[in-house]
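*Asks:* One structure, pasted below without further comment.
No value in this document is a laboratory result; all are computed from the given coordinates. Since the model is a prediction, treat every value here as computed from it, not as a measurement. As a convention, Cβ positions derive from the backbone with ideal geometry for all residues, glycine included, and neighbour counts pool all protein chains shown.
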Amino acid sequence: MKQDDKIILDIKRLGINGEGIGYYKRKAVFIDGAIPGETHEVTITKSLDKMNFAKSERIIKESKSRVQVKCPYYKECGGCSTMHISYEQMLEYKKELIIEAINRYTHLNPKHFEIKNTIKSEYDYYYRNKAQLPLKKENDKYSACMIQASSNKLIPVKDCMVQNKVINKLTTAILKMADELEIPPFIAKFNRGVLRYLSIRVNEKNEALVCFVCYEKSEKIKQLAKKVIELPEVKSVYENFNTKLKTPTIYGEESNHLEGDKYLIMTINNIKYELYPTTFFQLNTSQAKNIFDIVKKTAKLSKKEIVLDAFCGVGAIGLNLASMANMVIGIENNKESVDAAIENAKINKIKNAKFICGDANKLLPSMINDGKKIDVIIVDPPRVGLGDEFIKTLKKINIKRLIYVSCNPATLAKDIEQLSDNYQVNSITPLDMFPNTPHVESITLLVRKDTK
């Protein structure tokens, strides 16, 4: 098979990026926008040794799960790659993605433990509580953009259907102010300009924290901040400087508070969290609450246990568990997040939680070597999963319950496989943190096999 060949293809399953996958002469063919159960006429766009990529020319047999896409930027943007699939069907596919990862990366049989149905999001549109929008200026007007999937192209978007409506409203108002002040945009081609990104975060009350990510310093940003703080929803305004040109990182190291409150308060389960521009926090507020509730139920604490919250961020999960534990110890590599976690414990008057800055892969072995007793471990690692040293230590120690919060089915499965000699999977709960995308979170309970 070669490029530009045309074939008829039955779509068998959904890929991790939301593409349909069919097979031709036992080789996988990936087609954007195709749904399992459909038949497409496709043209091969790229032919590799182990797989092919194709585009659909027409749908011969259409799935009953195909729905009309509401977003006008859907095809050009590519960020919400499953918006053409009904929400209920997508919940089932997300459960299947976890099962497929276990079948592919482990020797385990998913039928031997409980994989629950995917927990749906309260909102499948306008759910994201934070936006980090690249900016560009055309015809003397600023546009907030999305980065086109699989490219660096900026796609102007006036009303993103997965961002909180307040974020969309504020974006329009703020960029109009920036235009009026004639703030120079950052232009990568010339390595010059001021405004680079606009970041907006909202809490459960739809109060907002705004941050201007800049390349160059300008007094006009302070003028803009004074205008923005007058908007009724805005409670805090920051500036941040990112002068690195070739980096996927949005924020630089320098941040300055310009107007309003020093932080935004997010409240979940009566626990308050101080959030700053660069603070990591779950992007779907209602689903964050579900994660905390599921972890609390799964941990089965009796106020006697020492709980380790590894990769703890601002202490979101650990602080929710503190009332049911003897002690919560959080480990986090980001100093700003640790400082926020410590402050969050103070403002909530939680005295049985402490937070340590450092690499969990190194600190856990050190804690165990020093004789620290731990009863339950909660892990919420980045997409790359747990580190080798962390896993080696887990295999050596007698932890009753290990709760793994994952944002990547592949690395979850690979880590479970490494732990399978020592830990038994009890249950996996998929959770839809990002509707209209193929991403799926999950909460896995692992129980030590030799625990009496």
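*Asks:* Taking just the alpha-carbon atoms of region 320-415, what radius of gyration and Dmax come out, in angstrom?
*Replies:* In Å, with Rg to one decimal and Dmax whole: 13.7, 39.
*Asks:* Something else now. Give Lys217/Lys289; Lys27/Lys136; Lys95/Lys354; Lys95/Lys400; Lys300/Lys372; Lys94/Lys153 a once-over and call out the pairs whose C-alpha atoms are over 31 Å from each other.
*Replies:* As for pairs spanning more than 31 Å Cα to Cα, those are Lys217/Lys289; Lys27/Lys136; Lys95/Lys354.
*Asks:* Turning to a different aspect of this structure: Using bins 5 angstrom wide from zero, how does P(r) for region 6-66 break down, in % of all Cα pairs?
*Replies:* 4, 22, 37, 25, 9, 2, 0
*Asks:* Taking the Cβ of each residue in Val328, Val405, Val69 as the centre, tally the other Cβ atoms inside 10 Å and list the residues starting with the fewest.
*Replies:* Placing the least packed residue first, the sequence is Val69, Val405, Val328.
*Asks:* Would you kindly give the portion of the calculated P(r) for region 130-268 that falls above 21 Å, as a percent of all Cα pairs?
*Replies:* In whole percent, the share of Cα-Cα pairs in region 130-268 beyond 21 Å is 37.
*Asks:* Over 10 Å intervals from 0, what percent of Cα-Cα pairs in region 206-347 sits in each interval?
*Replies:* 11, 34, 31, 17, 6, 1
*Asks:* A further question on this structure: Kirkwood Rh, Cα Rg: Rg to Rh for the chain?
*Replies:* 0.99
*Asks:* Now for a separate question. State which stretch of the chain is the longest one without any exposed GluC sites (Glu not before Pro), exposure meaning a DSSP loop state and at most 15 other Cβ atoms within 10 Å.
*Replies:* 254-452
*Asks:* OK, next. Which whole-number percent is the relative contact order of the chain (Cα, under 8 Å, 6+ apart)?
*Replies:* So the answer I get is 13 percent.
*Asks:* Could you go through region 374-380 in sequence order and give the Karplus-derived ³J(HN,Hα) for each residue, using 6.51 cos²θ - 1.76 cosθ + 1.60 with θ = phi - 60°, rounded to whole Hz, and x for Gly and Pro?
*Replies:* Running phi through 6.51 cos²θ - 1.76 cosθ + 1.60 with θ = phi - 60° gives 10, 9, 9, 10, 10, 10, 9 Hz.
*Asks:* Consider a paramagnetic label point 7 Å from the Cα of Lys262 along Cα→Cβ; state which residues of region 331-345 have an amide N under 19 Å from it.
*Replies:* 335-345
*Asks:* Under 13 Å from the Cβ of Met327, count the other residues' Cβ atoms, weight Lys and Arg +1, Asp and Glu -1, and hand me the total.
*Replies:* +3
*Asks:* So, one more: Using only Cα atoms, what Kirkwood radius does region 1-131 have, in angstroms?
*Replies:* 16.2
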